[in-house]
1. May I ask you to say which residue of Leu164, Leu142, Leu207 is part of a helix (DSSP H, G or I) and either over 20 Å from Ser50 (Cβ atoms) or without any contact (Cβ under 8 Å) to a residue 40 or more places away in the chain (or both)?
2. Looking for something part of a loop (DSSP other than H, G, I, E, B), at pLDDT 85 or above, open to solvent by less than 10 Å² (accessible area, probe 1.4 Å) and out of contact with any strand residue (DSSP E or B) (no Cβ under 8 Å at 6 or more places or on another chain) - is there at least one such residue anywhere in region 110-121?
3. Any residue that is among the hydroxyl-bearing types (Ser, Thr, Tyr), under 16 Å from Thr384 (Cβ atoms) and in a helix (DSSP H, G or I) - is there at least one of those in region 92-101?
4. Take region 55-76 and flag every residue that is closer than 12 Å to Pro278 by Cβ and open to solvent by 10 Å² or more (accessible area, probe 1.4 Å).
5. I need the full set of residues from region 294-321 which are over 19 Å from Cys460 (Cβ atoms), modelled with pLDDT of 90 or more, open to solvent by 10 Å² or more (accessible area, probe 1.4 Å) and in a helix (DSSP H, G or I), in order please.
6. Give region 258-316 a look and list any residue that's basic (Lys, Arg) and out of contact with any helix residue (DSSP H, G or I) (no Cβ under 6 Å at 6 or more places or on another chain), or say none.
7. What are the residues in region 222-247 that are aliphatic (A, V, I, L, M), open to solvent by less than 10 Å² (accessible area, probe 1.4 Å) and either within 10 Å of Tyr82 (Cβ to Cβ) or modelled with pLDDT of 90 or more (or both), if any?
8. Might you let me know whether region 413-421 holds any residue that is surrounded by fewer than 22 Cβ atoms within 10 Å (Cβ to Cβ), in contact with a Gly (Cβ under 9 Å, 6 or more places away or on another chain), at pLDDT below 95 and assigned to a helix (DSSP H, G or I)?
Amino acid sequence: MASEKVETVIAGNYLEMEREGEETNSNNSVRNKLSNFFWHGGSVYDAWFSCSSNQVAQVLLTLPYSFSQLGMLSGILFQLFYGLMGSWTAYLISVLYVEYRTRKEREKVDFRNHVIQWFEVLDGLLGKHWRNIGLFFNCTFLLFGSVIQLIACASNIYYINDNLDKRTWTYIFGACCATTVFIPSFHNYRIWSFVGLLMTTYTAWYLTIASLLNGQVEGVKHSGPTTMVLYFTGATNILYTFGGHAVTVEIMHAMWKPQKFKTIYLIATIYVLTLTLPSASAVYWAFGDALLTHSNALALLPKTKFRDSAVILMLIHQFITFGFACTPLYFVWEKFIRVHETKSLFKRAMARLPVVIPIWFLAIIFPFFGPINSSVGSLLVSFTVYIIPALAHMLTFASPSARENAVEQPPSFLGRWVGLYCTNIFVVAWVFIVGFGFGGWASMVNFVHQINTFGLFTKCYQCPPHKA
């Protein structure tokens with residue numbers, strides 16, 4: 001009975017929105033049905049497509065590079081381990097969101113024209129200091145997440161058309177990705193999420209099948225792991241792979257019934273593993289140590305119409321993922337300049353444009369596709385989506401009364417609150433020591449090596465010399 005009351009409170013405003021939609025449909029049924037089908041998403045399936053599509057983007061192409069640094073066994077084990085850990089902290093974020101939203105809606109707060117974000121959840125549950133910490137790490141991570149998508153666009157298109165260098169392609173795709181300012185919120189990514197997941201599924205199985213058909217190259221070696229720096233650099237790239245839930249709160253807020261999100265990220269992770277494990281293993285088996293100097297797996301596969309199709313599909317998907325990473329930044333900026341609740345889409349879009357400029361600039365300064373993933377993973381993802389959610393959850397429910405009145409009680413199979421706190425302590429300790437500590441050291445050593453080797457503002461990172 002209590003859970004039914006909670007569900008009613010949480011879903012209240014969403015039910016009002018659905019009623020408004022029904023009224024609109026009666027006025028213009030065909031147009032609105034088409035609009036709802038392609039544009040307005042809020043179901044459990046929409047959330048699953050969003051999580052799956054957002055989690056495995058360009059990193060699909062760098063995981064074989066990580067396997068060459070880690071070795072086959074460690075690569076597989078780290079994917080399984082961090083996939084499970086990422087699903088756990090996504091669950092914690094969803095619990096904190098539901099707790100925050102329930103408290104606010106009991107106070108009659110209306111969120112119909114306001115998108116709840118992670119830093120607001122921390123503010124409402126733990127105060128302004130936690131809000132500021134969450135805002136800094138989340139925004140910085142999403143900023144560099146968007147940068148990585150731009151770098152990936154330039155890296156991929158080069159394998160179809162090398163008449164332009166990668167820096168020039170970055171300029172072009174920066175302008176293209178700026179059009180995401182016209183997508184209002186995660187409600188409106190319904191068709192994009194679905195199509196994006198189809199694209200990564202094709203690319204993953206292309207990498208797998210093409211590598212197996214190509215066979216092992218002559219003299220292939222599988223030396224990894226060879227050094228501590230490479231080992232922990234590879235591990236933090238996988239930490240980054242399964243740390244894509246920095247937009248969890250925004251995806252939940254786009255759901256009609258966000259309390260149903262709890263297991264969506266885990267199911268999305270299981271599907272993603274069916275893509276990442278076969279593709280990374282097959283490419284590493286075929287090319288071995290050659291991947292150490294080719295962070296983009298597409299660089300080693302022969303040019304065919306199937307590879308070109310994979311490149312084009314990944315380019316489109318990276319445009320979608322750029323929007324996923326940048327949309328929360330748009331929201332933060334809108335709130336800062338106080339245009340977030342305006343109903344004019346054009347006014348909001350114009351207000352968002354300044355957010356794209358620093359992303360564009362950073363992608364040109366640091367075009368290091370692959371190594372930048374590990375640096376972002378160790379220094380930002382470790383705190384944003386692992387350490388902060390685990391600590392925030394423990395502090396939110398530190399008092400006996402908070403635990404007793406919690407909207408979402410811990411699962412019994414875990415040992416209730418004792419098991420939950422033990423799991424959270426383990427997550428914090430592991431990620432801080434291994435992810436941030438060793439991973440941060442290794443990824444920064446590797447990142448500095450890339451700067452010393454190629455330089456900042458390099459025109460064409462890891463490009464083969466042009467044939468005369």
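1. On the way: Leu164 fails: part of a helix (DSSP H, G or I); Leu142 fails: either over 20 Å from Ser50 (Cβ atoms) or without any contact (Cβ under 8 Å) to a residue 40 or more places away in the chain (or both).
Going through Leu164, Leu142, Leu207 in turn, just one is part of a helix (DSSP H, G or I) and either over 20 Å from Ser50 (Cβ atoms) or without any contact (Cβ under 8 Å) to a residue 40 or more places away in the chain (or both): Leu207.
2. Checked against the condition, which is being part of a loop (DSSP other than H, G, I, E, B), at pLDDT 85 or above, open to solvent by less than 10 Å² (accessible area, probe 1.4 Å) and out of contact with any strand residue (DSSP E or B) (no Cβ under 8 Å at 6 or more places or on another chain), region 110-121 yields at least one hit.
3. yes
4. Listed by number, the list holds a single entry, Ile76.
5. Lys305, Phe306, Arg307, Asp308, Ser309, Ile312, Leu313
6. First, the residues of region 258-316 that are basic (Lys, Arg): 260, 262, 303, 305, 307.
If the condition is that a residue be basic (Lys, Arg) and out of contact with any helix residue (DSSP H, G or I) (no Cβ under 6 Å at 6 or more places or on another chain), then Lys303, Lys305, Arg307 are the ones that fit.
7. The answer is Ala235, Ile238, Leu239.
8. Filtering region 413-421 for residues surrounded by fewer than 22 Cβ atoms within 10 Å (Cβ to Cβ) gives 413-419, 421.
Imposing the further condition that a residue be in contact with a Gly (Cβ under 9 Å, 6 or more places away or on another chain) reduces the set to 413.
With at pLDDT below 95 added as a condition, the list becomes 413.
Checking the rest, the ones that are also assigned to a helix (DSSP H, G or I) come to 413.
Within region 413-421, one or more residues are surrounded by fewer than 22 Cβ atoms within 10 Å (Cβ to Cβ), in contact with a Gly (Cβ under 9 Å, 6 or more places away or on another chain), at pLDDT below 95 and assigned to a helix (DSSP H, G or I).
The values are calculated or read from the model by the stated rules, or taken from the named source; none is laboratory data. What you are looking at is a predicted structure, and each value in this text was computed from that prediction instead of being measured. Cβ coordinates were reconstructed from backbone atoms using ideal geometry, including for glycine residues, and neighbour counts include every protein chain displayed. With ligands, DNA and RNA removed, areas are computed over all heavy atoms of the protein, side chains included. Shrake-Rupley method; radii C 1.70, N 1.55, O 1.52, S 1.80 Å.
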